[in-house]
Amino acid sequence: MSSGRGSGGGRRGAGRGGSAGGRGAGAPRGGGRGQTGAGGKGGKGRSTGRGPRNPLGQMGPQASAPRRSTNEGLGGEQVEGRQAVRELLLANRRDTREIWMAADLDPAPVLSDIRELAAEARVVIKEVGRNKLDAAARTDAPQGVIAFARPLPDVDLEYLLRPGPGGEQPFLLLSDGITDPGNLGALLRSAECAGVTGVVLPRHRAVHITPTVAKAAAGSVEHLPMALVGGMPKTIQELQKAGVTVIGLDERGDRTLWDLTVGSGPVALVLGAEGPGLARLVRERCDEVVSIPMRGRLSSLNVATAGALACFEVARSRR
């Protein structure tokens, strides 16, 4: 995606339980998530101080949230990387069949978390040789841990439009054909941290949740409900009919992101593919198209960086 010049660890508390109301309303989001990076070395029970949010709560086998039956789902059956595997177990949103752990790993708090969570969930951990684990891996650096799970469940678009448990209005992220898995994963991680409540992905001609996406997302895919749609222009119209303000990010934007004013109502941010940006019909359907002002010599940002800036700016302007 071009946003060109002048354009556009520690173990988390088990506080994401679902309820009958809202989007799977759970306990407060600040229920003890450590501020960790990929190494996951935050202290147990450390609060982020953020208020309640409810991406899906716990969507286990008895989940009440609607899901679409499709042969082309989100994916996500193989989860690699320590942070991603820990979040898979913490979210308890889908069954984990088995975890492989390299036999030569040095002790680390995140590995202790994984072992403890796996024991609680009665998930078998197999210690395997490094060569066997690396041969099974589908990312370059699985960090000595691979989990095998059921696919991520996708939800209906209507599910993403439900207010949160405290009446919070939806903040959605729409991907208009992002195909680079590393970019999508990094974008989802930033989006979850910025307070995005749901994600919309095209069913075709776009990357879904591959092992690379899941690892780059650092576990955020376990907490973000995601819908698959057939066409983004039609989806934008459906969102607008439901009262959602749709904002596109593109180098051809009419004004800059810093000039954007967003109210407290439901909002959706649309990001285009790397290079071409938003498709013409998508751009025309948006209520507003904004760009990121560029001050340096380079003329563009990748979609993950541009999307992170936009997500946090929209979140700031909604306060």
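Please treat every number below as a calculation from the coordinates, not as lab data. Keep in mind the model is a prediction, meaning the values are calculated, not measured. Cβ: placed from backbone, ideal geometry, glycine included. Neighbour counts: every protein chain shown.
Peptides 295-305, 140-150 ranked from most to least packed, by the mean per-residue count of other Cβ atoms within 10 Å: 140-150, 295-305. Using θ = phi - 60° in the Karplus curve 6.51 cos²θ - 1.76 cosθ + 1.60, the 3J(HN,Hα) couplings for the stretch 128-138 round to 10, x, 4, 4, 5, 5, 5, 5, 7, 5, 10 Hz; x is entered for Gly and Pro.
In this structure, the amide hydrogen of Gly277, modeled 1.01 Å from its nitrogen in the peptide plane, lies closer than 5 angstrom to those of Ser2, counting only residues at least 5 positions away or on a different chain. Say the dipole of the stretch 157-318 comes from +1 at the beta carbon of Lys and Arg and -1 at that of Asp and Glu; which of Ala227, Gly164, His208 then lies farthest toward its positive end? Sorting the options by dipole projection puts first His208. Simple spin-label estimate for Glu284 and Glu98 gives 5.3 nm between the two label positions (7 Å along the Cα-to-Cβ direction from each Cα). Label-to-label distance, Arg297 versus Glu238, with points set 7 angstrom from Cα along the beta-carbon direction: 4.7 nm. With N the number of residues in the stretch 80-229, Rg(Cα) / (2.2 N^0.38 Å) evaluates to 1.09. In Å, what Kirkwood hydrodynamic radius results for the stretch 157-318 from the alpha-carbon pair distances? Evaluated on the stretch 157-318, it is 15.5 Å. Farthest toward the positive end of the dipole of the stretch 78-149, out of Ala91, Leu105, Gln143, is the Cα of Ala91, where the dipole comes from beta carbon charges about the Cα centre.
P(r) tail for the stretch 78-149, what percent of Cα pairs lie past 21 Å?
Numbers: 361 of 2556 pairs.
Looking at the stretch 78-149, the distances longer than 21 Å represent 14 percent of pairs.
Projected label points at Arg203 and Asp254, each 7 Å from Cα along the beta carbon direction, are separated by 3.2 nanometres.
Sequentially through the stretch 180-189, phi angles give Karplus couplings (6.51, -1.76, 1.60; θ = phi - 60°) of 8, x, x, 5, 5, x, 5, 5, 5, 4 Hz, Gly and Pro residues having no value and appearing as x. Mean sequence separation of contacting Cα pairs (under 8 Å, at least six apart), scaled by the length of the stretch 78-149, corresponds to a relative contact order of 54 percent.
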